[in-house]
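S.K.: Provided herewith is a single structure, encoded as structure tokens, for subsequent inquiry.
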Amino acid sequence: MGMNVGSGSGGGDPEVMLDVNTTPLIDVMLVLLVMLIITIPVQTHAVKLDMPQATPPQENVQPPPVVDLEIDFDGTVIWNGETIPNRQVLEARLVQAANAVQQPEFHIRPNKLVEYKYVAAVLASAQRLGVTNIGLVGNEAM
């Protein structure tokens, strides 16, 4: 067995080692990581909601009347099968329905080819005039 004592050139200085020992650095980083994980508080992802209380069902309660509003592909509004000639007549009927004792449910059924601006105009008028029971009926129900 032999041993390398030097460069063999005589009594010179030994070679300097240029590699850094990273094992202690990795050990320290792992200890710091474990301590960080332990000290982080547990996060709870809960959303607090105030849910309405259930009320017992009332007997002999009439369901609200239903108004079917169809919006044709060209923006024509049809109220329960009757064509509405212009926007003023539509808004007058919406005001009358909003001020009724029992406000009707509005089932809006837009044609699949209608532009969005016509549907948005009807929804905006209904909201502005105080209609609160609005539902959209999809084309898949047809």
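S.K.: Restricted to Cα positions, what overall size does region 66-141 have along the principal axes? Three whole-Å values, descending.
M.R.: 34, 26, 21
S.K.: Given springs between every Cα pair under 10 Å in a Gaussian network model of the chain, which of Gln102, Gln62, Gln43 has the largest fluctuation?
M.R.: Maximum among the listed residues: Gln43.
S.K.: Which one, Pro24, Pro110, Pro56, has the greatest fluctuation when you compute a Gaussian network model over the chain with C-alpha springs under 10 angstrom?
M.R.: Result: Pro24 has the largest fluctuation of those listed.
S.K.: How would you rank Arg109, Arg128, going from fewest to most other Cβ atoms within 10 Å of each one's own Cβ? If you can, show how the numbers build up before the last one.
M.R.: On the way: Arg109 17, Arg128 11.
Arranged by neighbour count, lowest to highest, Arg109, Arg128 become Arg128, Arg109.
S.K.: Let me ask something else. Could you check what % of the DSSP bridge pairs in the chain are antiparallel, to the nearest 5? Mind dumping the intermediate values first?
M.R.: Values: 5 of 14 bridges.
Close to 35 percent.
S.K.: Same structure again: Using DSSP to define loop residues, name the GluC sites (Glu not before Pro) in region 35-142 whose beta-carbon has at most 10 other beta-carbon atoms within 10 Å.
M.R.: Working: sites: Glu59, Glu70, Glu82, Glu91, Glu105, Glu115, Glu140; in loops: Glu59, Glu115.
When the GluC sites (Glu not before Pro) of region 35-142 are filtered for loop state and at most 10 Cβ neighbours within 10 Å, Glu59 remain.
S.K.: Against the globular-protein guess of 2.2 N^0.38 Å, express the Cα radius of gyration of the chain as a ratio, rounded to two decimals.
M.R.: 2.65
S.K.: By how many nm would the segment from Leu30 to Ala54 lengthen if fully extended, with 0.36 nm per residue of separation less the alpha-carbon distance?
M.R.: Numbers: separation 24, 0.36 × 24 = 8.64 nm, distance 5.32 nm.
Contour length minus the Cα-Cα distance gives 3.3 nm.
S.K.: Indicate, rounded to the nearest 5 percent, the antiparallel portion of the DSSP beta bridges found entirely in region 66-141.
M.R.: Values: 5 of 14 bridges.
That works out to approximately 35 percent antiparallel.
Here, each number is a calculation from the coordinates, and none is a lab measurement. Computed from a predicted structure; not experimentally measured. Neighbour counts are summed over all protein chains in view; Cβ atoms, including those assigned to glycine, are modelled from backbone coordinates with ideal geometry.
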